[in-house]
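S.K.: Sending over a structure as structure tokens; questions will come in a sec.
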Amino acid sequence: MIYFDNAATTALDTEVIERMYGVMKNTFGNPSSVHAYGVQARALIDECREKVASLLHVSPSEIFFTSCGTEAINMVIAGCCNDLNIHRIITSPLEHHAVMHACEHEVKLGRCKVELVKPDNKGNINIEELENIVKNGERALVCLMHANNEIGNLLSIAEVGEICRKYNAYFLCDTVQSIGKFDHDFKENNIHFAACSAHKFHGPKGIGFLYLNGDIKISPLLQGGGQERNMRPGTENIYGIAGLAKAMEVAYRNLEADVAYIKSLKAYMVKRLKEVISDVGFNGESEENGLHTILNVSFPETRKSDMLLYNLDIEGITASGGSACTSGSVTESHVLKAIVADLKRTAIRFSFSKFNTMDEVDKCIEVIKKVS
Ligand SMILES: Cc1ncc(COP(=O)(O)O)c(C=O)c1O
């Protein structure tokens, strides 16, 4: 089996497994308890929060652990409408459903309107058009993703942050695909809110966090206890938190080498695909400029192309068709629909990690030759 679906989720790093195992064995107290077991669990969370914050150059008080990226995003969108007097959200048709559906929900509740900035046919956001939208209207929340999970396009977050600074807009940057893969500076880029999900960079599922700029106060999504400084009730997932912090530590320790290695895998895959498939194409910016982990390949229409993803799976190659987060069923991709003119071609997203090898790329190419 060859796993090329790392944008959907990644395998756990051995160091993460070992860290989580250690915590599971030795630290089971409830962090809210005042006895020694509780104090030990509380200290663990504090230590993890400090590690995460230092890797992102922010204050520990700006990190709130959540169950996933989706939860963090929902907290921000609801919080802006409820608490920050925001009734206008500017976003794009290429966002993850976590953003799109949370925005639609606010529209349904009558709390805001949504304005879309149109991408070009490569999936890029026109910065001038964005500026025009931001400046013409009331104070807005701009929700745009840093790295697109389907086509890998990267947003110029510095430019978007600058526009938000100029027109006093809030900036929610969906960094779920880019944390652990980029050295972030939220302050420099004027990002007020960012979301993280540990399973995208070899950490566990069921844990993420919200970065919330320290000058901003929003209310929690759930009602309950006072965990996460009254922002996220519910007994903390200490195993997940420990795994997340370890995954971040490993990711940032080896960042440069991992990025260079994964880039070389992707470049090799592009080269080989061009050699074996005439008329192969690449959706979005994934061929060259996009996120190093994502390659969205556009295969020409053939007798067998409809079955390509399925046949790859039969041959032991795991990739993805539509959006990964609805994996299991291949649904039509709203991202490709928004940018790709010829939907008759078959799009397959191959997404890589440090655990993949050149040999796997070679094997994959052999299978593609056979089944395409
Ligand atoms: C860009 C992006 N945002 C948000 C999410 C949601 O993350 P989670 O499934 O951890 O809630 C994903 C998941 O694939 C994603 O790729």
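The values are calculated or read from the model by the stated rules, or taken from the named source; none is laboratory data. Predicted model, so just to flag it, every value in this text is computed and none were measured. Note that each Cβ is placed from the backbone with ideal geometry, even for glycine, and that neighbours are counted across all protein chains shown.
S.K.: Checking the conditions here, which among Gly321, Gly328 is buried (at least 19 other Cβ atoms within 10 Å of the Cβ) and at pLDDT below 95? Give the derivation first.
M.R.: Numbers: Gly328 fails: buried (at least 19 other Cβ atoms within 10 Å of the Cβ).
Answer to the check: Gly321.
S.K.: Out of (1) surrounded by fewer than 14 Cβ atoms within 10 Å (Cβ to Cβ); (2) not assigned by TED's automatic domain parsing to the domain that holds His202, the odd one out for Met24 is which?
M.R.: Unmet condition: (2).
S.K.: Determine the pairs where a residue that is β-branched (Val, Ile, Thr), located within segment 88-100, has a partner that is more than 14 Å from the ligand (Cβ to nearest atom) with Cβ atoms under 6 Å apart, the partner being 6 or more residues away or on another chain.
M.R.: Ile89/Cys112; Ile89/Val114; Ile89/Leu141; Ile90/Glu115; Ile90/Ile133; Ile90/Ala140; Ile90/Val142
S.K.: Now for a separate question. Could you list all residues from segment 276-293 that are touching a residue at least 40 places away in the same chain (Cβ under 8 Å) and under 19 Å from Lys369 (Cβ atoms)? Before the answer, list the steps.
M.R.: So in segment 276-293, the residues touching a residue at least 40 places away in the same chain (Cβ under 8 Å) come out as 276-277, 281, 283-286, 289-293.
Listed by number, the residues that qualify are Val276, Ile277, Gly281.
S.K.: Restricting to segment 356-372, give me the number of residues that are outside any helix (DSSP H, G or I), within 25 Å of the chain's Cα centre (by Cα) and more than 22 Å from Asn148 (Cβ to Cβ).
M.R.: Filtering segment 356-372 down to residues outside any helix (DSSP H, G or I) leaves 356-357, 372.
Narrowing further to those that are within 25 Å of the chain's Cα centre (by Cα): 356-357.
With more than 22 Å from Asn148 (Cβ to Cβ) added as a condition, the list becomes 357.
Result for segment 356-372: 1.
S.K.: Please find, among Lys217, Lys200, the residue that is out of contact with any helix residue (DSSP H, G or I) (no Cβ under 6 Å at 6 or more places or on another chain), away from the ligand (no atom under 12 Å from the Cβ) and at pLDDT 95 or above. It would help to see each step written out before you state the result.
M.R.: Details: Lys200 fails: away from the ligand (no atom under 12 Å from the Cβ).
The match here is Lys217.
S.K.: Look at Met20 and say whether it is more than 16 Å from the ligand (Cβ to nearest atom) and among the hydrophobic types (A, V, I, L, M, F, W, C).
M.R.: yes
S.K.: Can you work out which of the residues in segment 39-62 that are more than 16 Å from the ligand (Cβ to nearest atom) and among the β-branched types (Val, Ile, Thr) is nearest to Ser178 (Cα to Cα)? Outline the logic, then answer.
M.R.: Going residue by residue through segment 39-62, those that are more than 16 Å from the ligand (Cβ to nearest atom) are 39-51, 53-62.
Subsequent filtering for residues that are among the β-branched types (Val, Ile, Thr) retains 39, 45, 58.
On the way: Val39: 33, Ile45: 23, Val58: 16 Å.
By that ranking, first place goes to Val58.
S.K.: Follow-up. Take the residues in segment 9-29 that are touching a Lys or Arg at 6+ places or on another chain (Cβ under 9 Å) and assigned to a loop (DSSP other than H, G, I, E, B), then tell me which one is farthest from Lys266 (Cα to Cα).
M.R.: In this case the residue turns out to be Gly29.
S.K.: A further question follows. For residues that are in contact (Cβ under 8 Å) with a residue 24 or more places away in the chain and over 24 Å from the mean Cα position of the chain (by Cα), scanning just segment 110-130, find the one that is surrounded by the most Cβ atoms within 10 Å (Cβ to Cβ). Don't jump to the end; show me each part of the working.
M.R.: Here is the first cut: in segment 110-130, the residues in contact (Cβ under 8 Å) with a residue 24 or more places away in the chain are 111-125, 127, 130.
Subsequent filtering for residues that are over 24 Å from the mean Cα position of the chain (by Cα) retains 111-113.
Values: Arg111: 16, Cys112: 19, Lys113: 15.
Within segment 110-130, the match that is surrounded by the most Cβ atoms within 10 Å (Cβ to Cβ) is Cys112.
S.K.: Inside segment 89-99, can you point out the residues that are surrounded by fewer than 20 Cβ atoms within 10 Å (Cβ to Cβ) and within 10 Å of the ligand (Cβ to nearest atom)?
M.R.: Across segment 89-99, the qualifying residue is only His97.
S.K.: Would you be able to say whether some residue in segment 218-229 is more than 29 Å from Ser351 (Cα to Cα), charged (D, E, K, R) and in contact with a strand residue (DSSP E or B) (Cβ under 8 Å, 6 or more places away or on another chain)? Working first, answer last.
M.R.: Filtering segment 218-229 for residues more than 29 Å from Ser351 (Cα to Cα) gives 218-229.
Remaining after also requiring charged (D, E, K, R): 228-229.
After this cut, where a residue has to be in contact with a strand residue (DSSP E or B) (Cβ under 8 Å, 6 or more places away or on another chain) as well, the list is 228-229.
Yes: one or more hits.
S.K.: Against the condition within 15 Å of the ligand (Cβ to nearest atom) and either crowded, with 18+ Cβ neighbours inside 10 Å or part of a loop (DSSP other than H, G, I, E, B) (or both), how does Leu210 come out, does it pass?
M.R.: Numbers: within 15 Å of the ligand (Cβ to nearest atom): yes; either crowded, with 18+ Cβ neighbours inside 10 Å or part of a loop (DSSP other than H, G, I, E, B) (or both): yes.
Judged against the criteria, Leu210 is a match.
S.K.: Continuing with the same structure: Which residue out of Glu128, Glu138, Glu115, Glu150 is within 16 Å of the ligand (Cβ to nearest atom) and charged (D, E, K, R)?
M.R.: On the way: Glu128 fails: within 16 Å of the ligand (Cβ to nearest atom); Glu138 fails: within 16 Å of the ligand (Cβ to nearest atom); Glu115 fails: within 16 Å of the ligand (Cβ to nearest atom).
Being within 16 Å of the ligand (Cβ to nearest atom) and charged (D, E, K, R) holds for just one of Glu128, Glu138, Glu115, Glu150, which is Glu150.
S.K.: On to the next question. Checking the condition away from the ligand (no atom under 16 Å from the Cβ), closer than 28 Å to His57 by Cβ and either among the small types (Gly, Ala, Ser) or assigned to a loop (DSSP other than H, G, I, E, B) (or both), which residue from Glu236, Glu249, Glu285, Glu256 passes? Spell out the reasoning first.
M.R.: On the way: Glu249 fails: either among the small types (Gly, Ala, Ser) or assigned to a loop (DSSP other than H, G, I, E, B) (or both); Glu285 fails: away from the ligand (no atom under 16 Å from the Cβ); Glu256 fails: either among the small types (Gly, Ala, Ser) or assigned to a loop (DSSP other than H, G, I, E, B) (or both).
Of the residues listed, the single one that is away from the ligand (no atom under 16 Å from the Cβ), closer than 28 Å to His57 by Cβ and either among the small types (Gly, Ala, Ser) or assigned to a loop (DSSP other than H, G, I, E, B) (or both) is Glu236.
S.K.: Please go through segment 64-88 and give me each residue that is of a type outside the set (Gly, Ala, Ser) and either within 16 Å of the ligand (Cβ to nearest atom) or under 14 Å from the mean Cα position of the chain (by Cα) (or both), ordered by number. Spell out how you get there, then give the answer.
M.R.: Applying the first criterion (of a type outside the set (Gly, Ala, Ser)) to segment 64-88 yields 64-66, 68, 70-71, 73-77, 80-88.
Matches in segment 64-88: Phe64, Phe65, Thr66, Cys68, Thr70, Glu71, Ile73, Asn74, Met75, Val76, Ile77.
S.K.: Give the residue that is surrounded by the most Cβ atoms within 10 Å (Cβ to Cβ), with candidates limited to residues of segment 163-181 that are out of contact with any helix residue (DSSP H, G or I) (no Cβ under 8 Å at 6 or more places or on another chain) and under 25 Å from Lys246 (Cα atoms).
M.R.: Top of the filtered list is Thr175.
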